Amino acid sequence: MRTRLVIGCALLLAFWFTRLSVIDDFPPFLDEAVHIYHSETAAGGNPLAYGEDGRQFTIWLYALFQSHSGEPIFTARVVTALVTMAGFAALVAAGGLLVGQMGTVFTGLLLLASPYHLFFENLALADPVSAGLAMVGLYFAARLTRRAGLLDAALCGAALFLAVGAKVIALPLFVVVPAAALLMPRRGQSWAQRIRWAAVALAVGLGLTAAYLTGLYMFGYNALTYVLDGAGGPAGDPLAALTALSSQMAHRALRVAEDVGSYVSAGGLALLLLGALLLAVRRWRFLPVVLVVSTAAYLASSRVETRHVIAPVSLLLLCGGVALAELLKKLPRGFTIAALAGISAAGLLLWLPFASAVEHDPLSLPLPEDDYAQYIASDASGLGLEELRAELEALHPREVIALIANCQGLRYLALGTVPVTCPALNPSGANVPLLLELLESRRAPGVYAVLEAIPYAPAWAPGKLVTTLTFPIPRPAFAIYDLAP
């Protein structure tokens, strides 16, 4: 018992160190600023605002910790890390429940060494929050290896409900309940006990979820919009629609596999998939079934991105840890020691360069092409915002009107030093004339404008061009104008 406690504490400390050491280094991504802005709106007296986005519990969590004040980006990321640490603890504990102490160790090492988790769990987004809560639900399901306790069932359902409230795309993870009840080794438990367990878990989880979604709908917010935005197909032709969806899911699966493989290496991904396959033919079919069903449901959405599959990737790493521990059970101890050394060495080779790039040079991050374009090279990136804030601070402005995509990110970075105003930008560019009128009407000493070189912002501003910030990658430039008459 003492050994397990020491191992568990060591893994949690390692998790906290690996996250906190780089938590404030990556530039704030646009969606992070949007989450914090929504929490600011909620804290300001409108808690259901933006309820159609389906991530209300994450917004409320950030509002609870007042993430929009003080150091907004840092605070929201730390809050996210706290929730993901609960998910990490749940995963390593589940590994221990399934195959013993080495399941805990191998699962913990794989999660710690994952650049994928280091990157996405360090962003203030609903996806890691939701995945962390879902993994807590998985842990209570894994306790079926010990007992069919109804309290565990209720806690499993409640954790899955919280995951859905944090981001509604977690709905497919309710497959954890029937999969655990049907596929977990029974160890003397009757089917009646399992049925009662599953009934309680689903009644609590789905009951709370239905009440929550219905309540939002009654106030005019359809939180299922995100989930229901599928691929579709030819109207009135179910077979053609199914064929089109299957083809699109296969394409998305290959893209997601390629992107995830860029983080954990192609060889690492192949070994993890092999581990899941091994479990599928052994006694732990529960994990592969949850992995396959939940992943398929995620891929059915036309809006799937790499960060959306944090829960399936976490499950895949759990499969790898459990499979390795199961495989080494009957082999001499030397094989276990060699496996520990190999995972540790491979993990350091993956993790250290990635963490170093996050801390010192985000431009060199070895992200897959799609993620590099989105998080670093697009107008949603936070790259250059700190340099922009420094330039503006040196001007001692009375007001800065920022016509940039990630305006809220700039506002939160500059909180307390530069007063930033964020007029709404229409991605269609339809309100560009109105924005030019706004700039003209606000011309006064001490007022500055920042324009980003994007199609839906004005290409120029009245007044004098002060400076232009350009970047060594094709990230849109920033132009600062003095609006003094």
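The values are calculated or read from the model by the stated rules, or taken from the named source; none is laboratory data. Quick caveat: nothing in here was measured; it's all calculated off a predicted structure. Using ideal geometry, Cβ is built from the backbone for each residue, glycine included, and neighbour counts are taken over all protein chains shown.
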Open item on the list: For region 450-469, which positions are among the hydrophobic types (A, V, I, L, M, F, W, C) and not in a loop (DSSP other than H, G, I, E, B)?
Closed with: V450, L451, L465, V466, L469
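crowded, with 19+ Cβ neighbours inside 10 Å, in the same structural domain as L352 (by TED's automatic domain parsing), within 20 Å of the chain's Cα centre (by Cα) and farther than 20 Å from A134 by Cα: which single residue out of L269, L291 fits that description?
Details: L291 fails: farther than 20 Å from A134 by Cα.
Result of the check over L269, L291: L269.
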- [ ] Of all residues in region 268-297, count the ones that are in a helix (DSSP H, G or I) and farther than 14 Å from V176 by Cβ.
- [x] 15
TODO: Report those helices (runs of 4 or more DSSP H) wholly inside region 321-425 carrying at least 3 residues which are among the charged types (D, E, K, R) and at negative phi.
DONE: 369-372, 385-395
Task: Those helices (runs of 4 or more DSSP H) lying entirely in region 75-189 with at least 2 residues among the polar types (S, T, N, Q) - done: 101-112
- [ ] Taking the residues in region 57-70 that are in a loop (DSSP other than H, G, I, E, B) and free of Cβ contacts under 8 Å to residues at least 24 places away in the same chain as candidates, determine which candidate is surrounded by the fewest Cβ atoms within 10 Å (Cβ to Cβ).
- [x] Q66
- [ ] Could you pull out the residue among A402, A453, A414, A459 that is touching a residue at least 12 places away in the same chain (Cβ under 8 Å) and farther than 22 Å from H38 by Cβ?
- [x] A453
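One line per residue, one yes/no per condition, for (1) surrounded by 13 or more Cβ atoms within 10 Å (Cβ to Cβ); (2) in contact with a Ser or Thr (Cβ under 9 Å, 6 or more places away or on another chain); (3) farther than 30 Å from L150 by Cβ; (4) at pLDDT below 90:
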residue: R186; (1), (2), (3), (4): yes, no, no, yes
residue: W191; (1), (2), (3), (4): no, no, no, no
residue: A199; (1), (2), (3), (4): yes, no, no, no
residue: L202; (1), (2), (3), (4): yes, no, no, no
residue: T209; (1), (2), (3), (4): yes, no, no, no
residue: Y212; (1), (2), (3), (4): yes, no, no, no
residue: G220; (1), (2), (3), (4): no, no, yes, no
residue: A231; (1), (2), (3), (4): yes, yes, yes, yes
- [ ] Note down all Cβ pairs under 8 Å where the first residue falls in region 380-395 and is basic (K, R), the second is surrounded by 22 or more Cβ atoms within 10 Å (Cβ to Cβ), and they're at least six residues apart or on different chains.
- [x] R389/L410; R389/L413; R389/V418
TODO: Kindly indicate which of A154, A142 is of a type in the set (A, V, I, L, M, F, W, C) and buried (at least 24 other Cβ atoms within 10 Å of the Cβ).
DONE: A142
Task: Among residues of region 430-449, those that are touching a Pro at 6+ places or on another chain (Cβ under 6 Å), hydrophobic (A, V, I, L, M, F, W, C) and in a loop (DSSP other than H, G, I, E, B), counted - done: 0
Task: Test: L20 is outside the structural domain of Y412 (by TED's automatic domain parsing) and over 19 Å from A223 (Cα atoms) - done: yes
